[in-house]
Every structure is written in structure tokens, then in C-alpha cells.
């Protein structure tokens, strides 16, 4: 792989992490009453997203919707079959209960994502329109559901009020 392609991949990862980090910082600033600082973090997060998407586009990793779904399901399968199980084992060995919880809920949700992506792939391949539904995400564990949120999240036990509908 050419050095520039390696650099673009590394830059994509760094910009993506900066986006998420700045959104977390914005949330904390809001909680502490610093609305203007939160706005600044949100603006910087959007800029980091633009950078990340530019890098991803240049290395040719945005393809057809079907190819993108196949890439997504492959990533989700890797996460719940290989990555998270090994992370859970290590966290248990180290006695880090918070990490075990975080890895466990992520692992469960990645399986749900894989199923949702598989459903979309099936619809595309059969050339049938996908059912028009809303998706809701648990703000505690990331559980992603179709239609309407459950009264209690089956993964983390959070109440229905903790679910939100992504824009």
C-alpha cells in the first residue's frame, strides 16, 4: 500500500475519533452550563466529519449502497464474533467491570446491527422496497430498534424515555 493511502486511512481514523470526542466534550460542556463552548465543540466536530468523509472518498471506500451494506455487515460480524469477545475476556481478567459492561452491550447491539443490515441487503437483492419504519436508539447502550422503542430496553434495562429517533 502506498504511503499516501496509509496516511489517508490513518487520517480518516483520527478525524473520526476527533468527531466523536468533540461531541462528547460538547455534551459535557452543555451539562456544565457552557453553551458557547458546546457550540464550538459541535462546530469542530462537523468539520472533523467533513475531513473524515473527504479522506474516505479519496481512498475509494464509499461504494454502491449494496457494497456499503456488505462492508457494514462484515464489520459488525467481526466486532461481535471476534473483537468484543476478546475485549470482554481481557476486561474480565483485569477485573474492569465497567469495561466488561460497555463491551457486552456493544457486542449485543452489533449483532442487532448485523441483522438490520442483512435485512436491507435482502431487500436490495430481491429488489423489494424496504418497509418504511423509524429507527430508535437507546441513549444508554446503543440498542437499535425498528418501529417504536420498547417500554424497557432489553439490553440495558433503560426506560423507553432513553430512546431517541436519529435525525
Report yes if residue 54 is at pLDDT 95 or above and under 17 Å from the mean Cα position of the chain (by Cα), otherwise no. no
Might you let me know whether region 125-144 holds any residue that is assigned to a helix (DSSP H, G or I) and more than 27 Å from residue 64 (Cβ to Cβ)? no
Hey, residue 81 part of a helix (DSSP H, G or I) and over 25 Å from residue 12 (Cα atoms) or not: no
With respect to residue 6, determine if the residue is part of a helix (DSSP H, G or I), free of Cβ contacts under 8 Å to residues at least 60 places away in the same chain, over 23 Å from residue 145 (Cα atoms) and more than 17 Å from the chain's Cα centre (by Cα). yes
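Residue by residue, here is whether (1) free of Cβ contacts under 8 Å to residues at least 40 places away in the same chain; (2) farther than 18 Å from residue 144 by Cβ; (3) assigned to a helix (DSSP H, G or I) holds:
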site: 17; (1), (2), (3): yes, yes, yes
site: 29; (1), (2), (3): yes, yes, yes
site: 47; (1), (2), (3): yes, yes, yes
site: 63; (1), (2), (3): yes, yes, no
site: 66; (1), (2), (3): no, yes, yes
site: 73; (1), (2), (3): no, no, yes
site: 89; (1), (2), (3): yes, yes, yes
site: 110; (1), (2), (3): yes, no, yes
site: 116; (1), (2), (3): yes, no, yes
When the residues of region 78-100 are filtered to those that are surrounded by fewer than 17 Cβ atoms within 10 Å (Cβ to Cβ) and in contact with a helix residue (DSSP H, G or I) (Cβ under 6 Å, 6 or more places away or on another chain), which remaining residue is nearest to residue 18 (Cα to Cα)? 99
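Quick grid of which residues meet (1) surrounded by 15 or more Cβ atoms within 10 Å (Cβ to Cβ); (2) over 30 Å from residue 108 (Cα atoms):
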{"site": "9", "(1), (2)": "yes, no"}
{"site": "12", "(1), (2)": "yes, no"}
{"site": "39", "(1), (2)": "no, yes"}
{"site": "44", "(1), (2)": "yes, yes"}
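The values are calculated or read from the model by the stated rules, or taken from the named source; none is laboratory data. Note that the structure is predicted; figures quoted are calculated from it, not measured. All Cβ positions, even for glycine, are placed from backbone atoms using ideal geometry, and neighbour counts span all protein chains on display.
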